[in-house]
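A.B. asks: Quick one: the structure is below, and I'll ask about it shortly.
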Amino acid sequence: MRSPLVLPVVLFLVGILLSNHWQPPGQACVGGALVCFALAMSLGVQGRIALMVGACLLGLGSVLVQPLGPVERGEVYCEGRVVMAQGRSALLAVERVGGRPARGRVVVTSGEALPPTGTRLVGFGVATELSDRNLPGSSDPWLWARLGRAQTLLKLQQWIPLGAPAALLPEFQGARHAGLLLSLATGDRSRIPQGELDLLRRTGTAHLVAISGLHVGLVAGAAAVAMRVLVTLLSLFGASLLIRRGVLAVGSLAAAMAYAQLAGWPISSLRAVWMIGVGFLAAQLSRGVCLPTSIALAALAVALGEPARVGTVAYWLSFGAVVGIVRFSEGIADLIPQAWPWGVRTVWRAMSTSIGAVIGTFPVCAWLFQDFPVLSFVANLVAVPLVGMVGVPGALLGALGVEAAVSVGDCALHAALVWISWCDGPVLHPAIGPWGAVVLGGVLLVSQRWDVRGSVAFLVLGLRCWPRAGFWVTFLAVGQGDAALIEEPGGRRVLIDAGRPSVQVLHWLRRRGIRRLDEVVGTHAHPDHIGGLLPVLSELEVGVLRLDCRGVGGVCGELLAIAKDREVPVISPGAPGLNVLHPTHTRLPLSENDASIVVRFEHGESSLLMTGDIEAEAEAMLVDRVGPTGWLKVAHHGSRTSSTPEFLGRTQPRVVLISAGKNNRFGHPSLEVLARLRHARILRTDRDGTVQLYADEGEERFRTWRRRPGWSPWRDSRRSNPE
């Protein structure tokens with residue numbers, strides 16, 4: 001993308017992201033940027049370097065000049081203005097917190113969609129710190145909030161918008177796809193049936209129901225066609241060419257802005273409005289439109305307006321798609337020889353646009369979503385013109401009361417959904433980490449050669465996790481739940497629990513290159529332990545599932561159904577394969593927690609005891625069957641009902657691991673339990689993040705993963721005294 005603005009804008013965005021890890025005085029950054037820009041006026045290499053440094057410093061300063069938001073805990077009343085809405089989450093510039101004046105921003109979440117940007121809001125809820133624990137290689141879900149300088153998460157229990165006009169939502173009575181029509185008209189996706197949303201996501205067509213740049217561009221184009229009548233009248237009265245162009249530009253841009261305002265100014269519409277404005281300005285100046293410059297200016301304007309937008313997935317997907325279209329679509333279209341029939345070339349050229357958009361967003365999607373519908377190009381080939389050319393006008397005219405337009409738009413959407421359902425085919429799961437996404441995105445943008453791009457993509461996507469020497473245990477920070485991966489020297493991998501229902505453990509395994517697990521253990525039927533096993537069992541190859549279901553419903557029943565469908569053998573807790581100490585083959589009247597599977601692993605002089613959620617009764621049963629162990633996973637998240645003095649005296653652990661959620665409502669781990677464990681080294685997922693233990697040939701080490709700055713250095717874990 002040859003444009004003098006591209007590199008400075010990229011470095012400006014890098015500066016914004018850098019503020020999440022380095023926070024010098026914001027005024028100093030802005031002042032340094034101005035000095036660099038002054039130096040950049042000189043010619044030569046030094047001037048260009050100064051311009052690059054200045055752009056990065058300006059991005060850094062644009063975040064840091066904002067004041068840090070207040071830190072609150074407990075029940076809080078707040079009042080402020082929404083500066084950025086993210087569905088059911090929003091960044092709120094607070095004016096009052098707890099009845100006192102306040103400055104800065106907080107993140108608010110609700111069970112329903114929050115009002116659009118600019119709305120004043122009063123709310124009451126429970127405040128906690130923003131979570132800073134995420135699995136190695138995963139994205140920070142609160143990056144956008146941190147870039148907005150927020151420090152507090154407020155879960156709203158009640159809220160009221162102040163001064164917001166009542167939304168006039170069209171009902172689209174009688175339409176088969178009223179939810180889709182409403183989404184296209186206003187951006188409200190809450191009424192789309194879940195089945196339709198799932199179909200769109202599986203086929204890579206979910207962007208069709210969001211008010212995207214394509215839809216804003218279509219509205220601007222339709223307005224331009226309508227404005228031609230007025231322009232013709234002006235020409236009859238002798239208006240100059242400059243005036244006629246100005247009227248056409250202002251009218252079209254006003255229509256695009258009105259549509260974006262109706263949708264609450266999502267990032268894709270902001271980008272489209274800026275690009276349309278740049279295009280019309282170039283036309284007014286009788287200059288050709290440089291698309292790379294237009295994209296760079298739009299990226300700069302959207303980020304300057306609110307730097308927190310740079311931390312959202314929508315920002316990178318929106319600009320990635322348009323960059324991919326500009327960068328790759330023409331080259332892909334030219335792959336078809338001119339001698340081929342006109343119809344084939346037309347279809348291929350239309351498909352090349354979708355292919356270019358997919359390539360542009362691929363690095364981000366492979367990192368965050370790990371889904372690639374094979375037939376997404378084919379699905380978009382028909383669905384995009386049907387929805388864009390017919391569905392959007394039908395929804396907009398229907399919102400204005402034109403009933404015939406509703407019927408036409410509804411038929412177009414139905415035809416698009418039928419076509420998309422035919423394209424509901426296989427889905428690949430490319431998985432890379434953040435550095436893989438950076439490398440892949442950089443090569444795709446910089447390199448001109450497809451062989452280089454393909455080779456790098458093959459290396460980045462094709463790397464696999466080979467069995468490693470030694471004994472490895474990774475306790476994953478999944479919040480208030482348990483999840484651990486045990487990797488033995490022979491290459492056997494055992495996953496014990498996977499936290500609450502979520503894909504985060506599945507995504508972590510894929511990023512590690514793990515496609516097969518020799519055994520999966522569900523210690524007991526509570527969702528905070530086996531909920532995350534549902535996607536793991538559905539997507540990965542599993543040798544055997546060790547599970548004791550005391551009922552047929554709930555998550556346990558879903559796991560058994562998936563295992564049956566995937567033909568995964570389900571074995572009882574005491575079946576051969578692992579050294580299971582509890583429960584025994586005799587079925588005892590134990591509670592769900594006390595019936596947890598307890599497993600012991602040994603490697604040379606090192607040993608690990610996994611205790612699930614057992615409590616005092618089960619520990620008393622185990623006292624005579626356990627001996628000293630080097631590593632102990634503390635039972636029941638450190639609850640005071642577990643880790644009895646007798647059990648700890650028998651096991652005598654050197655290192656203990658407590659898996660608990662930060663600021664959890666149960667108060668885990670208990671201070672009483674921590675006092676009993678004072679002679680051991682205590683590692684906690686709520687404090688230390690993900691913890692990895694390693695043992696081989698008498699050596700024992702551990703390291704921890706925190707959001708900043710990543711893995712800690714390896715440390716010896718044989719010391720018996722705490723840190």
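The values are calculated or read from the model by the stated rules, or taken from the named source; none is laboratory data. Just so you know, these numbers come straight off a predicted model, no measurement behind them. Counting neighbours? That spans all protein chains shown, and the Cβs are built from the backbone with ideal geometry, glycine included. In case anyone asks, the SASA skips ligands and DNA or RNA and just uses the protein heavy atoms, side chains included. Shrake-Rupley method; radii C 1.70, N 1.55, O 1.52, S 1.80 Å.
A.B. asks: Report, ordered by the first and then the second residue, all pairs with beta carbons closer than 8 Å, sequence separation of six or more or different chains, a first member in region 187-210 that is touching a residue at least 12 places away in the same chain (Cβ under 8 Å) and under 23 Å from Thr353 (Cβ atoms), and a second member that is among the charged types (D, E, K, R) and open to solvent by less than 70 Å² (accessible area, probe 1.4 Å).
C.D. replies: Leu199/Asp424; Arg202/Asp424; Thr203/Asp424
A.B. asks: For region 354-375, name all the residues that are over 18 Å from the mean Cα position of the chain (by Cα), of a type in the set (A, V, I, L, M) and either at pLDDT 90 or above or assigned to a helix (DSSP H, G or I) (or both).
C.D. replies: Correct list: Ile355, Ala357, Ile359.
A.B. asks: Tell me, which helices (runs of 4 or more DSSP H) wholly within region 408-523 include 3 or more residues that are surrounded by fewer than 19 Cβ atoms within 10 Å (Cβ to Cβ), over 26 Å from the mean Cα position of the chain (by Cα) and free of Cβ contacts under 8 Å to residues at least 12 places away in the same chain?
C.D. replies: Output list reads 450-462.
A.B. asks: Given (1) open to solvent by 60 Å² or more (accessible area, probe 1.4 Å); (2) within 20 Å of the chain's Cα centre (by Cα), where does Trp274 come up short, assuming only one miss?
C.D. replies: Condition not satisfied by Trp274: (2).
A.B. asks: As an exercise: evaluate Ala33 against (1) under 22 Å from Glu306 (Cβ atoms); (2) open to solvent by less than 70 Å² (accessible area, probe 1.4 Å); (3) in a loop (DSSP other than H, G, I, E, B) and give the number of the one condition it does not meet.
C.D. replies: (3)
A.B. asks: Could you pull out the residue among Val83, Val76 that is open to solvent by less than 50 Å² (accessible area, probe 1.4 Å) and more than 27 Å from the chain's Cα centre (by Cα)?
C.D. replies: Details: Val83 fails: more than 27 Å from the chain's Cα centre (by Cα).
Val76 is the lone residue from the list that is open to solvent by less than 50 Å² (accessible area, probe 1.4 Å) and more than 27 Å from the chain's Cα centre (by Cα).
A.B. asks: Can I ask one more? Residues that are within 21 Å of Pro116 (Cα to Cα), at least 1 per element: which helices (runs of 4 or more DSSP H) completely within region 172-247 meet that?
C.D. replies: 178-186, 213-236
A.B. asks: Out of Leu285, Leu262, Leu248, I need the residue that is in contact with a Gly (Cβ under 9 Å, 6 or more places away or on another chain) and surrounded by fewer than 23 Cβ atoms within 10 Å (Cβ to Cβ). Which one? Please lay out each step first, then the result.
C.D. replies: On the way: Leu285 fails: in contact with a Gly (Cβ under 9 Å, 6 or more places away or on another chain); Leu248 fails: in contact with a Gly (Cβ under 9 Å, 6 or more places away or on another chain).
Answer to the selection: Leu262.
A.B. asks: Additional query: Could you identify the single residue in Leu657, Leu609, Leu632 that is at pLDDT 95 or above, open to solvent by less than 10 Å² (accessible area, probe 1.4 Å), under 24 Å from Pro576 (Cα atoms) and in contact with a Lys or Arg (Cβ under 7 Å, 6 or more places away or on another chain)?
C.D. replies: Leu609
A.B. asks: Now a separate question. With respect to the numbered conditions (1) more than 15 Å from Pro70 (Cβ to Cβ); (2) modelled with pLDDT of 85 or more; (3) of a type in the set (Asp, Glu), which one is the sole condition not fulfilled by Glu129?
C.D. replies: (1)
A.B. asks: For region 123-156, what are the residues that are of a type in the set (D, E, K, R) and not in a loop (DSSP other than H, G, I, E, B)?
C.D. replies: Here is the first cut: in region 123-156, the residues of a type in the set (D, E, K, R) are 129, 132-133, 140, 146, 149, 155.
Correct list: Glu129, Arg146, Lys155.
Here's the yes/no breakdown for (1) open to solvent by 50 Å² or more (accessible area, probe 1.4 Å); (2) in contact with a strand residue (DSSP E or B) (Cβ under 7 Å, 6 or more places away or on another chain); (3) without any contact (Cβ under 8 Å) to a residue 12 or more places away in the chain; (4) not small (Gly, Ala, Ser):
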| site | (1), (2), (3), (4) |
| --- | --- |
| Ala525 | no, no, no, no |
| Pro535 | no, no, no, yes |
| Leu540 | no, yes, no, yes |
| Gly543 | no, yes, no, no |
| Asp548 | no, no, no, yes |
| Val555 | no, no, no, yes |
| Leu559 | no, yes, no, yes |
| Lys564 | yes, no, yes, yes |
| Val570 | yes, yes, no, yes |
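Conditions (1) among the β-branched types (Val, Ile, Thr); (2) open to solvent by less than 30 Å² (accessible area, probe 1.4 Å); (3) assigned to a helix (DSSP H, G or I), marked per residue:
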position: Leu17; (1), (2), (3): no, no, yes
position: Ala28; (1), (2), (3): no, no, yes
position: Ser42; (1), (2), (3): no, no, no
position: Ile49; (1), (2), (3): yes, no, yes
position: Gly59; (1), (2), (3): no, yes, yes
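A.B. asks: So, one more: Out of the residues in region 393-407 that are in a helix (DSSP H, G or I), more than 19 Å from Gly217 (Cα to Cα) and aliphatic (A, V, I, L, M), state the one that is most open to solvent (accessible area, probe 1.4 Å).
C.D. replies: By that ranking, first place goes to Ala404.
A.B. asks: Give the number of residues within region 198-230 that are open to solvent by less than 20 Å² (accessible area, probe 1.4 Å) and either more than 25 Å from Ser318 (Cα to Cα) or within 22 Å of the chain's Cα centre (by Cα) (or both).
C.D. replies: So the count comes out to 7.
A.B. asks: Arg600 fails exactly one of the following numbered conditions: (1) outside any loop (DSSP other than H, G, I, E, B); (2) within 33 Å of the chain's Cα centre (by Cα); (3) not acidic (Asp, Glu). What is the number of that condition?
C.D. replies: Going through the list (1) outside any loop (DSSP other than H, G, I, E, B); (2) within 33 Å of the chain's Cα centre (by Cα); (3) not acidic (Asp, Glu), Arg600 breaks only (2).
A.B. asks: Further question on the same structure: Of all residues in region 301-344, count the ones that are under 20 Å from Leu60 (Cα atoms) and either outside any helix (DSSP H, G or I) or of a type in the set (Val, Ile, Thr) (or both).
C.D. replies: 5
A.B. asks: Now, a different point. Any idea how many residues of region 90-109 are touching a strand residue (DSSP E or B) at 6+ places or on another chain (Cβ under 9 Å) and open to solvent by 20 Å² or more (accessible area, probe 1.4 Å)?
C.D. replies: 10
A.B. asks: Let me confirm something: among Val374, Val390, Val378, which residue is of a type in the set (A, V, I, L, M), surrounded by fewer than 21 Cβ atoms within 10 Å (Cβ to Cβ) and more than 25 Å from Trp450 (Cβ to Cβ)?
C.D. replies: When all the criteria are applied, what remains is Val390.
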